[in-house]
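Report on the structure given below.
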Amino acid sequence: MAKTIEEINEKIKKGSAVVFTAEEIIDVAAEKGVEKAAQEVDVVTTGTFGPMCSSGAYFNVGHTKPRMKLGGGRVYLNDVPAYTGYAAVDLFLGATAMPDDDPRNKIFPGKFRYGGAYVIEELVAGKDVKLTATTYGTDCYPRKSLDTYICLKDMNEAVLFNIRNAYQNYNVAVNLSDKVIYTYMGVLQPKLRNANYCSAGQLSPLMNDPYYKTIGIGTRIFLGGGVGYVVGSGTQHNPDVKRTERGVPKMGSGTLAVKGDLKTMSPRWLRGTSFTGYGVTLTVGIGIPIPILNEEILQSTTVRDDEIWAQVVDYSDAYPNLVPGSLGEVTYKELKGGKITVQGREVPTSGLSSYARAREIAQTLKGWIGTGKFFLTQPAELLPSVDSGIAFKSLKERPIRKK
Amino acid sequence: MYKRRVVFSYPPHLVEQPVISRLVKDFDLTVNILRALVTPKEQGRMVLEITGTRSAVEAGINYIKEMGMELQPLAQDVKWHDDRCIHCTACISICPTKALDVNRSSMEVSFHRDKCIACELCIPACPYQAMEILF
């Protein structure tokens, strides 16, 4: 018997909705059978808490007196440059932006201790940050410089707007070379001495709705500890990849663009993050509720770590040189168990995405729904799926000849 | 056998005196130098793992103290800021002694000071600056 979002919301309102996390549903379905579980369960909650670089926030900081056109000028938040190519007092701050005087990798490996992600975390924590700006004057916006403290509650709008989050699966990174390498997948020891992965596996949102049958534009979600929305598919959304029989991609595939009011969020779920030798990023907490509209959707949410595969990729050569292929496939059960086998060698594993925190997000969202604080939405449009014809392209260089 | 991991620092006038060899010869101790920073005419600092019978280890440590050296357990110099840790496990595969370990059922990370040898491999590996080693 199929259900609708409206019916599920009615139950949430009455406090009678049956909600499980994507981890709990595995045993529930095994015990009751898929058919009965699909009838009884209304929502399955997912969660992920990992570094997501294509994140950022836009702000409207309010007008100064006299007025000042930050648009087209230079603006810094705690010395981190913000993008000003908007109207007078709108700004965008990217998670990976860093102070102009950060030495980067000049002293290798760079530490990357501060950047846009940390400014976002501090703002969300209610702290004051320094807003420094210089610009040109106009008849209507005469002021040319500004130095002030500002905090989130003083701003008109402060919105987290992430253009690529919650990657549906990811590479497992190893290093075949004979020296240590510093990557966005962490510090990789030489000659296969460690392997780093980055997914919540069976709890990860898109792993539980592999063909995007419920998640789409307008899906209400847990974002950074507050409430947010899926804006659409994220950049590099690439649904047409190798999948398992159950439809779970065996490599990076779908992605999400998300937004939400920063003023509702918490620093526990938005963390500034530093990858030695690589750069700054934002660790984002996302939880997505999956409405159990039918048996097929329930079946997808029962996916287990031992049924989710990831590709092992060499980050010393294959990845930087854009050489396709992988060194083999491993499951998240093996990855979370602490060791995998690559080229006949046992390699210890580490995660970059926190499974403990992913679990906490799924539980929190379950609590919100169970207590009638969070209702599900009907997406305006589902995410493009495998039949969308989307093909993931590399940059086709057409060198410009100097005359 | 009894084992102690200690950090000891000594003033300039003791830098040129043999200390480790006395611990080995006179007190019958096994001394493993985990880290050392000794600069002539300045202060020296070492992380030692001292192994022997309980009484020998205590006698050796007394000898070091009587020489005028400052001594403290290693644990005081290594800090795991659990409020910064998100339990991602990035440090787990890199820690050689399992001082940083994960409970595979809760997937939560914990730090066992007594196993730490202050190698600092976790410092660049932790993206959240949850580990701090003062040396």
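The numbers here are math on the coordinates, done by the rules we state, and not lab data. Keep in mind that this is a model prediction, so the values were computed, not measured. Neighbour counts run over all protein chains shown; Cβ positions are idealised from the backbone, glycine included.
Taking 41 Å as R0, compute the FRET efficiency from the Cβ-Cβ separation of A:VAL323 and A:GLU6 and round it to 0.05. Each step should come with its number before you reach the end.
Working: r = 50 Å, r/R0 = 1.22.
That pair, A:VAL323 with A:GLU6, gives E of 0.25.
Sort A:VAL119, A:VAL241 by Cβ crowding within 10 Å, fewest neighbours at the top.
On the way: A:VAL119 26, A:VAL241 16.
Least crowded to most crowded, the residues run A:VAL241, A:VAL119.
Going toward the positive end of the dipole of the protein assembly as shown, with +1 on Lys and Arg Cβ and -1 on Asp and Glu Cβ, which of A:PHE222, B:PRO73, A:PRO249 do you reach last?
Sorting the options by dipole projection puts first B:PRO73.
Straight distance only, please: which lysines reach the Cα of A:LYS393 with their own Cα at less than 22 Å, same-chain residues fewer than 8 apart left out?
A:LYS242, A:LYS250
Sorting A:SER316, A:SER350, B:SER55 on the 10 Å Cβ count, fewest up front, what's the list? It would help to have the intermediate numbers written out before the result.
Details: A:SER316 20, A:SER350 26, B:SER55 10.
Starting with the residue having the fewest Cβ neighbours, the order is B:SER55, A:SER316, A:SER350.
Taking the Cα centre as origin and putting +1 on Lys and Arg beta-carbons and -1 on Asp and Glu beta-carbons, what dipole magnitude results for chain B, to the nearest 20 debye? Before the final figure, lay out each step's value.
On the way: 16 positive and 16 negative charges, 46 e Å.
So the dipole magnitude of chain B works out to roughly 220 debye.
GNM on chain B, C-alpha springs below 10 Å: top fluctuator among B:GLU16, B:GLU58, B:GLU70?
Looking only at B:GLU16, B:GLU58, B:GLU70, the biggest GNM fluctuation is shown by B:GLU16.
Sort out for me the Cα centre separation of segment A:247-296 from segment B:19-74, rounded to whole Å.
The distance from the Cα centre of segment A:247-296 to that of segment B:19-74 comes to 50 Å.
What list do you get for A:LYS13, A:LYS250, A:LYS402 if you sort them by fewest beta carbons within 10 Å?
A:LYS402, A:LYS13, A:LYS250
Assuming R0 = 56 Å, what is the FRET efficiency of B:LEU14 and A:ARG104, from their Cβ-Cβ distance, to the nearest 0.05? Kindly include the intermediate steps, with their values, before the conclusion.
On the way: r = 42 Å, r/R0 = 0.75.
Taking R0 as 56 Å, the efficiency between B:LEU14 and A:ARG104 is 0.85.
Helix B:54-66 versus the longest principal axis of chain B: what angle, 0 to 90°, nearest 10, using Cα atoms?
70
Give, rounded to the nearest 20 debye, the magnitude of the charge dipole that the protein assembly as shown has about its Cα centre when Lys and Arg contribute +1 at Cβ and Asp and Glu contribute -1 at Cβ.
1220
Suppose we keep just the DSSP beta bridges with both residues in chain A; what percent of those would be antiparallel, to 5? Provide the component values of the computation, followed by the final result.
Working: 67 of 77 bridges.
If we restrict to bridges inside chain A, about 85 percent are antiparallel.
Of the listed pairs A:LYS127/B:LYS115; A:LYS13/A:LYS36; A:LYS333/A:LYS366; A:LYS191/A:LYS396; A:LYS144/A:LYS263, which have alpha-carbon separations greater than 26 Å here?
Values: A:LYS127/B:LYS115 37 Å; A:LYS13/A:LYS36 23 Å; A:LYS333/A:LYS366 24 Å; A:LYS191/A:LYS396 33 Å; A:LYS144/A:LYS263 29 Å.
Where the Cα-Cα span goes over 26 Å, the pairs concerned are A:LYS127/B:LYS115; A:LYS191/A:LYS396; A:LYS144/A:LYS263.
At most 10 other C-beta atoms within 10 Å and a DSSP loop state: those are the exposed GluC sites (Glu not before Pro) I care about. Give me the longest piece of chain A that has none. Could the numbers behind the result be given before it?
Numbers: sites that count: A:GLU245, A:GLU397.
In short, A:1-244.
Please list, in order, the residues from segment A:224-253 whose amide nitrogen is less than 12 Å from a point placed 7 Å along the Cα→Cβ vector of A:GLU381.
Only A:232-233 pass the distance filter.
Apply 1/(1 + (r/R0)^6) to the Cβ-Cβ distance of A:THR371 and A:THR148, taking R0 = 56 Å, and write down the FRET efficiency to the nearest 0.05. Write down the numbers at each step before the final one.
Details: r = 40 Å, r/R0 = 0.72.
Step by step, r from the Cβ atoms, then E = 0.90.
Just how large is the dipole of segment B:81-133 about the Cα centre, in debye to the nearest 20, putting +1 at every Lys and Arg Cβ and -1 at every Asp and Glu Cβ? Don't jump to the answer; show the numbers that get you there.
On the way: 5 positive and 7 negative charges, 34 e Å.
Using only the charged Cβ atoms, the result is roughly 160 debye.
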